[in-house]
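Heads up, the thing below is written out as structure tokens.
The values are calculated or read from the model by the stated rules, or taken from the named source; none is laboratory data. This one's a predicted model, so the numbers in the text were calculated from it and none came from an experiment. Cβ placement follows ideal geometry from the backbone for every residue including glycine, while neighbour counts extend to all protein chains displayed.
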């Protein structure tokens, strides 16, 4: 049986970004069936060379072409002609794919377009309707996204299929060797990093995000220092895993020095680390924080929960469905104190959810003073929440089922169905 070929547009699937990681998981789940093969345009990172990459052990079944950005008209047309893929699958913010939808009539006449979609917040973006209607299948990462798509384009086929965590990597450490790793890292963060605020029992708050505006990197740094002014500079440390001088964010070292928080109060981990090393950080931390003003999903908090570390999040986007199941809480959710409608030429309107410093401080104090019994309960239930709703096995099975159904339903090239090559319009 001839393998179905899928053309993928996304972040480079071997890159450490959340988009790249989930793209890799998607590809591997289908490769394991032996019924699929992949051509990937790997973008969103700076490449040392642009030679095609064959990924072991899949060789010719998984080839990555490094590109700048996410592609262009000529690249897509060339691949369609030379490779004749059966499906085009693409992922990330729709603002990056306007150029792709411009030629959807050239693509969809031969193969279906499948969009793995996330949108950060309401109101429902009706301005995206033209994009949604130019797509055969929309697979939604969060419940918020799925509700939005159903409201904007109820006639377009869509489903909910959230991100997943690989529990073979992100799990709660239990062995003596693993506990020793935690002890060593905790000592580095809580004791060795400071000259005057050494306290082996201080709380460690972890922040793992891109240093970008909506992630509120400067806000959390500033507020955390002022929080320490209240509770004591030896009581807690904020460990930020990020690029400290990302061009889309703030100069974090400058802020730390300006605030006088450079004696272990706020630490920055800027080196690229493996997933295993990241899991060690989650296990070492007492809490993982994400106070983004808009967050489609938030993979770092899901990884944290999988490691048994409770989360502190703003109640926006996909973070809402992670921190609670509607009954139990797996950390602390901070309700926005304001909802501002912001926009741009690409995104005319979207809510920006801002929490207050007062609520932030109150939540951190509650987190620091929580009983060991309640903390353990949040940890256990958080891991179970991930296992029940975001487990890796279900992710793989759902993607295989979804893609099998799409291939069967829509066909490709000679067997293409469900796409009208022309439309009747009534002219007044």
Candidate set from region 60-79 (those that are under 22 Å from the mean Cα position of the chain (by Cα) and assigned to a strand (DSSP E or B)); member that is surrounded by the most Cβ atoms within 10 Å (Cβ to Cβ): 64
Some residue of region 45-55 being more than 15 Å from residue 6 (Cα to Cα) and more than 27 Å from the chain's Cα centre (by Cα): yes
Filter result for residue 13 (modelled with pLDDT of 90 or more, in a loop (DSSP other than H, G, I, E, B) and outside the structural domain of residue 208 (by TED's automatic domain parsing)): no
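Tell me which residues, restricted to region 311-331, are surrounded by fewer than 22 Cβ atoms within 10 Å (Cβ to Cβ), under 20 Å from the mean Cα position of the chain (by Cα) and either in contact (Cβ under 8 Å) with a residue 24 or more places away in the chain or under 15 Å from residue 216 (Cα atoms) (or both). Walk me through it before giving the result.
Taking region 311-331 as the starting set, the residues that turn out to be surrounded by fewer than 22 Cβ atoms within 10 Å (Cβ to Cβ) are 315, 320-321, 324-329.
Applying the additional criterion that residues be under 20 Å from the mean Cα position of the chain (by Cα) yields 315, 320-321, 324-325.
Within region 311-331, 315, 320, 321, 325 meet the criteria.
Conditions tested, residue by residue: (1) closer than 30 Å to residue 172 by Cβ; (2) within 25 Å of the chain's Cα centre (by Cα); (3) surrounded by fewer than 16 Cβ atoms within 10 Å (Cβ to Cβ).
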residue: 334; (1), (2), (3): yes, yes, no
residue: 342; (1), (2), (3): no, yes, yes
residue: 364; (1), (2), (3): yes, yes, no
residue: 373; (1), (2), (3): yes, no, yes
residue: 390; (1), (2), (3): yes, yes, no
Test: residue in region 48-61 that is in contact with a strand residue (DSSP E or B) (Cβ under 9 Å, 6 or more places away or on another chain) and touching a residue at least 60 places away in the same chain (Cβ under 8 Å): no
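Filter region 242-266 for residues that are assigned to a helix (DSSP H, G or I) and crowded, with 17+ Cβ neighbours inside 10 Å and give the result. Walk me through it before giving the result.
Of region 242-266, the ones assigned to a helix (DSSP H, G or I) are 252-259.
Across region 242-266, the qualifying residues are 252, 255, 256, 259.
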Sole exception among (1) under 23 Å from residue 332 (Cα atoms); (2) in contact with a strand residue (DSSP E or B) (Cβ under 9 Å, 6 or more places away or on another chain); (3) not in a helix (DSSP H, G or I) for residue 228, by number: (3)
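Conditions (1) surrounded by fewer than 18 Cβ atoms within 10 Å (Cβ to Cβ); (2) modelled with pLDDT of 95 or more; (3) more than 25 Å from the chain's Cα centre (by Cα), marked per residue:
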{"site": "361", "(1), (2), (3)": "yes, yes, yes"}
{"site": "377", "(1), (2), (3)": "yes, yes, yes"}
{"site": "410", "(1), (2), (3)": "no, yes, yes"}
{"site": "424", "(1), (2), (3)": "yes, no, yes"}
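Please pick out the residue among 393, 404 that is modelled with pLDDT under 95 and either on the phi > 0 side of the Ramachandran plot or in a helix (DSSP H, G or I) (or both). So that I can check it myself, show each step before the final result.
On the way: 404 fails: modelled with pLDDT under 95.
Only one candidate qualifies: 393.
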Residue match in region 43-59 (condition: in contact with a helix residue (DSSP H, G or I) (Cβ under 9 Å, 6 or more places away or on another chain) and part of a helix (DSSP H, G or I)): no
Set 346, 353: member being surrounded by fewer than 17 Cβ atoms within 10 Å (Cβ to Cβ), closer than 23 Å to residue 118 by Cβ and in the same structural domain as residue 298 (by TED's automatic domain parsing): 346
Selected residue (criterion: surrounded by the most Cβ atoms within 10 Å (Cβ to Cβ)) from residues of region 140-155 that are in contact with a helix residue (DSSP H, G or I) (Cβ under 9 Å, 6 or more places away or on another chain) and more than 13 Å from residue 297 (Cβ to Cβ): 149
Pairs where the first residue, in region 134-160, is touching a residue at least 40 places away in the same chain (Cβ under 8 Å) and the second is assigned to a loop (DSSP other than H, G, I, E, B) and surrounded by fewer than 21 Cβ atoms within 10 Å (Cβ to Cβ), C-beta under 6 Å, 6+ apart: 139/161
